[in-house]
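Worksheet: the structure to be examined is printed underneath.
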Amino acid sequence: MRLLHKHHFQTALDVGSGTGFYSRFLENYVPQVVGVDISSQMLRIAGEKSKSTFVNADFLQYHSDVQFDFALSARTLSHIKSVSEFLRYLDINTHDGASIIITDIHPRHNYYKTRFELNTETIEIETYKHEMTEIIGEILSSFSINVMYKEFEFSNLQDKWFSSEFNSVMNSVDPVFYVIAFRKHDLFDKSVREYLTGVLKFNSATSGS
């Protein structure tokens, strides 16, 4: 939220938007939001709940007429085999200086497939485990000069969860998900960097380091 307010983005891309949960969030801060997803069923639900524009397409074939200044990818990269190909299409659809956030299930988390319950239908999606070093390395090698990232364990979330179903995993030391944030070929403003590292305790990786 602080990042969105800071830069007054005009266009936002929600990669793998699904039923539009994050698109609806982005609408509060960005005038033009476009969600892209390969599932027409999920987009039908998204269109009923959101005022965003939704495109039924494989992101690895998506070419927008708009160069977005903000992009969010939530729970999408783990369904794409090639990290470099994914980043190539982020590059195609965003302009230099665009701010990008990638978040997904951590590869060390004990999962092997993703399953969605959609109405009466169960949809299973092929899942790939990309190591953090691979993702960050690919970003730094051709996409950005600095990457901010954090790996979250269940212990980081204890005050957020109240359901008894999580009791058995609360003491897990394996990360459950990660968040990566960077600006394309640029740095976040100093105040944003300080907020990410100082308040949210993000790590920082720089090209050449």
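Listed residues 46, 74, 57; which is open to solvent by less than 20 Å² (accessible area, probe 1.4 Å) and either within 28 Å of residue 138 (Cα to Cα) or charged (D, E, K, R) (or both)? Talk me through it step by step, then tell me what you get.
Numbers: 46 fails: either within 28 Å of residue 138 (Cα to Cα) or charged (D, E, K, R) (or both); 57 fails: open to solvent by less than 20 Å² (accessible area, probe 1.4 Å).
Every option except 74 fails the conditions.
I'd like the full set of residues that are touching a Leu at 6+ places or on another chain (Cβ under 7 Å) and part of a strand (DSSP E or B), limited to segment 37-69.
37, 54, 56, 68
Please go through segment 12-67 and give me each residue that is polar (S, T, N, Q) and touching a Ser or Thr at 6+ places or on another chain (Cβ under 6 Å), ordered by number.
Taking segment 12-67 as the starting set, the residues that turn out to be polar (S, T, N, Q) are 17, 19, 23, 28, 32, 39-41, 50, 52-53, 56, 61, 64, 67.
Passing the criteria: 17, 23, 32, 50, 52, 56.
Here are some residues: 126, 134, 121. Which one is open to solvent by 50 Å² or more (accessible area, probe 1.4 Å) and either closer than 29 Å to residue 195 by Cα or modelled with pLDDT of 95 or more (or both)? Before you say what the answer is, go through the steps one by one.
On the way: 126 fails: either closer than 29 Å to residue 195 by Cα or modelled with pLDDT of 95 or more (or both); 121 fails: either closer than 29 Å to residue 195 by Cα or modelled with pLDDT of 95 or more (or both).
Testing whether each residue is open to solvent by 50 Å² or more (accessible area, probe 1.4 Å) and either closer than 29 Å to residue 195 by Cα or modelled with pLDDT of 95 or more (or both) leaves just 134.
Can residue 81 be described as among the basic types (Lys, Arg), closer than 20 Å to residue 36 by Cα and modelled with pLDDT under 95?
Values: among the basic types (Lys, Arg): yes; closer than 20 Å to residue 36 by Cα: yes; modelled with pLDDT under 95: yes.
Against the criterion (among the basic types (Lys, Arg), closer than 20 Å to residue 36 by Cα and modelled with pLDDT under 95), residue 81 qualifies.
Can you pull out the residues in segment 137-167 that are at pLDDT below 95, under 21 Å from residue 107 (Cα atoms) and among the aromatic types (Phe, Trp, Tyr)?
Passing the criteria: 152, 154, 166.
Just one of the numbered conditions (1) open to solvent by 20 Å² or more (accessible area, probe 1.4 Å); (2) part of a helix (DSSP H, G or I) is not true of residue 29; which one?
Answer for residue 29: the failing condition is (2).
Being farther than 16 Å from residue 144 by Cα, open to solvent by 10 Å² or more (accessible area, probe 1.4 Å) and assigned to a helix (DSSP H, G or I) is the filter here, so list the residues in segment 77-90 that pass it.
Residues of segment 77-90 that are farther than 16 Å from residue 144 by Cα, as a first pass: 77-82.
So of that shortlist, the ones also open to solvent by 10 Å² or more (accessible area, probe 1.4 Å) come out as 79-82.
The one that is farther than 16 Å from residue 144 by Cα, open to solvent by 10 Å² or more (accessible area, probe 1.4 Å) and assigned to a helix (DSSP H, G or I): 79.
Within the set of pairs 6 or more residues apart or between chains, which connect a residue that is touching a residue at least 40 places away in the same chain (Cβ under 8 Å) inside segment 47-61 to a residue that is surrounded by 14 or more Cβ atoms within 10 Å (Cβ to Cβ) with Cβ atoms less than 7 Å apart?
59/15; 59/16; 59/36; 59/89
Can you work out which of the residues in segment 168-193 that are over 24 Å from residue 130 (Cβ atoms) and open to solvent by less than 40 Å² (accessible area, probe 1.4 Å) is modelled with the lowest pLDDT?
Looking at residues that are over 24 Å from residue 130 (Cβ atoms) and open to solvent by less than 40 Å² (accessible area, probe 1.4 Å), I get 170.
Residue by residue through segment 1-24, note down the ones that are free of Cβ contacts under 8 Å to residues at least 60 places away in the same chain and surrounded by fewer than 18 Cβ atoms within 10 Å (Cβ to Cβ).
1, 5, 8, 10, 21
The values are calculated or read from the model by the stated rules, or taken from the named source; none is laboratory data. Please read these numbers as outputs of a predicted model, since none were measured by experiment. Cβ coordinates were reconstructed from backbone atoms using ideal geometry, including for glycine residues, and neighbour counts include every protein chain displayed. Keep in mind that these areas ignore ligands, DNA and RNA; they rest on the heavy atoms of the full protein, side chains included. Shrake-Rupley method; radii C 1.70, N 1.55, O 1.52, S 1.80 Å.
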